[in-house]
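All of the numbers you see were taken from the coordinates with simple rules; none came from a lab. Small disclaimer: the values here were computed from a predicted structure and weren't measured. Here Cβ is always computed from backbone atoms with ideal geometry, including for glycine, and neighbour counts include all displayed protein chains.
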Amino acid sequence: MLQMCKERAQGLTRGIDRGFRKVARSLDIFRRNTRGNVAMIFGLAVIPMVTAAGVGIDLSRAYMVKQRLGHALDAAALAVGTATDKSGDELDVLAQSYFDANYPAAELGVPGALTLTVSDGVISMAATAKVDTAMMNIAGYDELNVSASTEVTRKITGLEVVMVLDNTGSMGSYSKLTTLKTAANDLVDILFGDETSSENLKIGLVPFAAAVNVGTEHLTSGWIDTTGASSVNGLNFYDGEHALQVYNMMSNKSWNGCVEARPAPYDIQDTTPDVSNGDTLWVPYLAPDEPDIGSYYGYYYPSSYLYDSSSSNNLQKRQAKTGKYSSYVYSSGPHINCSTKPITPLTGTKATVTSAISAMNATGTTNIPFGMAWGWRVISPSSPFTEGSAYDDEKFQKVIILLTDGENYIGSYYNHNKSYYNAYGYVKDGRLGTTSSGSALTELNERTSQVCENIKDENPDKPIIVYTITFQLYDDDIKDIMRGCASDPEKFFDSPSNSVLKQNFQTIANELSELRISR
């Protein structure tokens with residue numbers, strides 16, 4: 001087959017050569033024909049023939065330059081479109097650098113100055129170039145001027161973003177929380193651009209630690225367990241008291257808005273709360289006062305904030321008595337491990353989001369699946385938060401950005417509770433399917449992976465996009481979990497330093513800023 005193709009190609013070449021030789025002989029005969037006016041006519045005809053050929057050559061060169069100008073302008077305009085945090089002079093420099101990189105000096109044509117305007121999210125660019133003529137100079141045209149222009153429209157339409165951000169105590173060291181606030185605000189600035197509010201862009205915020213604060217205004221919403229209907233409400237109190245009853249006994253403390261995890265499997269699902277099923281409601285978070293004589297028995301209790309007022313040697317009985325809560329509560333007391341700021345539901349008002357970011361504080365231990373589950377509930381259209389668009393709304397793309405600076409933490413202690421109090425209560429209560437601290441931590445990691453899969457599987461036709469970020473975290477196991485949690489490996493970002501964290505947030509923001517060539 002290859003030999004046949006070669007033979008056909010050689011035959012075609014010979015045919016073309018014969019054709020050219022015939023034309024050349026005919027023109028030569030025509031040129032040497034001296035009878036009548038043939039020679040004179042030929043001489044006059046040569047000039048327009050040559051000029052026409054020259055025009056074709058030079059115009060094709062000019063068209064090539066126009067194409068190159070257009071490509072270089074498109075690249076420069078797209079670069080400008082993503083750089084919403086730069087000043088006008090900085091944008092000029094950026095545009096020129098991208099244009100030069102895509103139109104090297106060795107290319108045909110000499111480009112002139114660029115013109116750049118940015119107005120209402122539309123980036124307009126234009127440029128001209130001079131092309132020396134190869135043939136048209138015979139007719140007095142030494143050069144051709146070529147122009148090109150482009151527009152890029154920066155679109156941020158139909159986007160819902162929830163940031164699920166680690167607000168644990170470790171974030172308070174080495175300026176990490178300050179850096180996170182700056183990076184998160186950068187993302188908000190890039191997405192909102194020059195707008196202060198938008199109907200097509202909504203951003204929410206879920207600060208998390210050992211639990212999540214949903215806001216005290218939701219106490220009577222119907223999805224907070226105010227009657228003890230949940231099977232996990234009141235596990236650590238005697239006489240059938242539930243969390244709100246105990247809070248009502250306190251003179252100087254009240255529920256701060258934090259909630260505990262629902263019983264499995266609802267803890268990592270977005271099941272709509274139903275008052276007819278108490279386990280679908282959320283129990284107000286209340287870290288019990290732990291025994292104050294634990295050291296007498298060789299035990300350590302990290303959360304003893306009241307005098308037990310009991311003579312019992314049974315440590316669980318001392319912890320479960322509720323009469324002591326009528327005393328003045330010092331320190332954070334029942335809020336231990338959840339003093340985070342409340343969730344900010346999806347909003348199109350930029351100032352609401354930036355204020356919430358600035359208010360974040362670092363306190364408590366790490367419970368990643370609980371924070372992630374609330375990110376899902378904030379972005380979904382169903383209760384408890386209903387600001388999210390319907391899953392089948394073609395206008396909106398849903399995005400969750402999860403950041404942590406540490407691994408899940410239970411806090412194993414040599415006492416009868418076996419752990420710190422967190423959204424899953426104590427390890428002794430078995431709410432993670434085990435009463436072993438080591439096994440409970442393994443289960444918490446597995447639930448992190450499972451809630452991520454639940455989120456990604458929620459709407460197969462248009463999945464929620466999940467970005468994950470680790471920040472100055474050196475545990476490879478949790479990095480693998482976070483990488484697997486992301487929609488794909490390219491949406492996992494490791495941030496070993498403050499500067500890299502800022503870059504990663506900007507990269508994500510730029511990816512979310514949809515750009516398109518409008519002309």
query = So what J values fall out for region 347-359 if you push phi through Karplus, 6.51 cos²θ - 1.76 cosθ + 1.60 with θ = phi - 60°, rounded to Hz, Gly and Pro as x?
reply = 8, x, 9, 4, 4, 4, 6, 5, 5, 5, 5, 5, 7
Reciprocal of mean inverse Cα separation for region 184-316 (Kirkwood radius, Å) = 17.9
Sparse-neighbour loop sites [GluC sites (Glu not before Pro); region 180-280; at most 16 other C-beta within 10 Å; DSSP] = E195, E199
request  = Please report how far the C-alpha centroid of region 370-409 lies from that of region 270-327, rounded to the nearest whole angstrom.
outcome  = 31
task = Could you tell me which of rounded, prolate or oblate describes region 159-517, using a ≥ b ≥ c as the square roots of the eigenvalues of the alpha-carbon gyration tensor, with rounded for a/c under 1.5 and, failing that, prolate when a/b is larger than b/c and oblate otherwise?
result = prolate
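Compare the peptides 372-384, 202-214, 266-278 by average per-residue count of other Cβ atoms within 10 angstrom and give them in order, highest first.
Details: 372-384: 23.8, 202-214: 27.6, 266-278: 16.2.
Highest-to-lowest ranking by the protection proxy: 202-214, 372-384, 266-278.
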ask   = Considering only Cα-Cα distances, which of the following residue pairs are longer than 21 Å: K428/K479; K86/K350; K253/K341; K253/K324; K202/K462; K181/K341?
value = K428/K479
key: region 173-241-region 72-121 distance, computed between alpha-carbon centres (Å)   = 41
